[in-house]
2 protein chains.
Amino acid sequence: MSRGTRSGTREEILDAAARLFAATGFKGTSLQDIAGEVGCSKAALLYHFDGKDAILTELLAPPLEALATLDARLAGLGDDAVQLAAVEGYVDLVMRFRREVTVLYDDMPALLQRPAFAGVQEMSDRLLDALAARSPDPAARITALMVLGSVPVVCMKPTEIGDDELRSILTRSAARTLDLRRA
Amino acid sequence: MSRGTRSGTREEILDAAARLFAATGFKGTSLQDIAGEVGCSKAALLYHFDGKDAILTELLAPPLEALATLDARLAGLGDDAVQLAAVEGYVDLVMRFRREVTVLYDDMPALLQRPAFAGVQEMSDRLLDALAARSPDPAARITALMVLGSVPVVCMKPTEIGDDELRSILTRSAARTLDLRRA
DNA sequence: GTCTATAGCCGGATAGAC
DNA sequence: GTCTATCCGGCTATAGAC
């Protein structure tokens, strides 16, 4: 990690912020709320982070990095293989970062405008393209968009079944939505 | 309508609020923003409405009423017919109230807690149940959830194709997601 | 490294003139 | 019916003591 010091408080703050942001949204969560959850003062938060935005940015860094990795991997695939790989990679990505995705979803339109998230829109567009098997057909692009929206909704709800089964159901159902034939 | 006076300003305010709420979210939109868009003062808004919440409530009343209607209709159907009817009814509902759905989506968790939206959660649950053909199977409930999430995402994005074709694609793709056999 | 105190801003809402 | 002026509150963020 870039910061050598592992104070522990930093992680506590990040964890509390993640929970609160996911529950009540970024705009809906105040520094006071986070401080209360952690058990410290607002000023203490602002010692550890440069501001509310910095907390969010650090929180979302890992999933964004994972998205970039997926993006790069998909770029190297042919039009046939890319669709299935996109489905599996996307489901995996969203499931691994459920909590962060919930945060992102809450204030999405406003968040995407921030400089820290430059490039996310482009990667999303390419992911959509991959899910549509790079077809320009409007129907294909719409079903791809449906998949893009359907996966997070499921992952944001707590479910009674295990992660492995959930992942499997999501992948198969998304493949059906896309009318994706078995390889 | 309950108010006899058709001042015109009221509608202007509702329209501007709808656009802004959809673009930047409910919490992300201030009365000043709305006033600026309409070309009047904050106080003028608060003459016409009892507060920011009242604007939102009035804005969302028609789609909520439509949801209640759909809910009642589905309640009278058998387990076989209900699934297809739910898909078609839901797609139709979301498409008819695109803008309002966008608003709802933005601050959903917080909004659902409000007293004005009592019963919405229950209706959503019943709609989910109908989309799952009232099956208790976890996989069926998950695909139903996927449909619930996929339709709004598409309707929120502007598309180049016409509404009729969009509706048709959405219905067919959702049916595929649910593995719904043709009637 | 964490606190208290406070500055400064912006939000929603009210009072009262016109 | 719409405005101006103002209040009160919560928010982020800073300054400085400990």
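Relative to the other identical copies, A:P109 shows label-point distances of 2.0 nm, where the label point lies 7 Å from Cα along the Cβ direction and values run shortest first.
Hydrophobic long helices, here whole DSSP H runs in chain B with Kyte-Doolittle means of at least 0.5 and Cα atoms spread over 24 Å or more along the helix axis, are found at B:52-75, B:138-156. List the distances, in nm and shortest first, from the label point of A:E88 to the matching label points in every other copy, placing each point 7 Å from Cα along the Cα-to-Cβ direction. Output for A:E88: 3.8 nm, nearest copy listed first.
The alpha carbons of region A:1-102 give a radius of gyration and a Dmax of 16.8, 54 Å, in that order. Checking the cross-link pairs A:K42/B:K42; A:K27/B:K52; A:K42/B:K157; A:K52/B:K27 against a 27 Å limit on the alpha carbon distance flags A:K42/B:K42; A:K42/B:K157 as lying beyond it. Taking the Cα centre of each part, how many Å lie between region B:144-169 and region A:87-137? Centre-to-centre distance over Cα atoms comes out at 18 Å. Per the Kirkwood formula applied to alpha carbons, region B:7-49 shows a radius of gyration over Rh ratio, Rg over Rh, of 0.93.
Altogether, the Stokes-Einstein calculation at 4 °C and 1.567 mPa s, with the Kirkwood radius of the protein assembly as shown over Cα pairs as Rh, returns a diffusion coefficient of 59 µm²/s.
Percent of C-alpha pairs per 10 Å bin in chain B, short distances first: 9, 33, 32, 18, 7, 1. How far apart are the B:P62 label points across copies, placing each 7 Å from Cα toward Cβ, in nm, shortest first? The projected label point of B:P62 is separated from its counterparts by 4.5 nm.
Sorted largest first, the spans of the alpha carbon positions of region A:96-149 along the three principal axes are 31, 22, 18 Å. Restriction of the chymotrypsin sites (Phe, Trp or Tyr not before Pro) in region B:24-67 to DSSP coil positions whose beta-carbon has at most 13 other beta-carbons within 10 angstrom yields no sites.
Read-outs throughout are calculated quantities, based only on the coordinates presented, and are distinct from any laboratory measurement. Computed from a predicted model, the values in this text were never measured in an experiment. Counting neighbours? That spans all protein chains shown, and the Cβs are built from the backbone with ideal geometry, glycine included.
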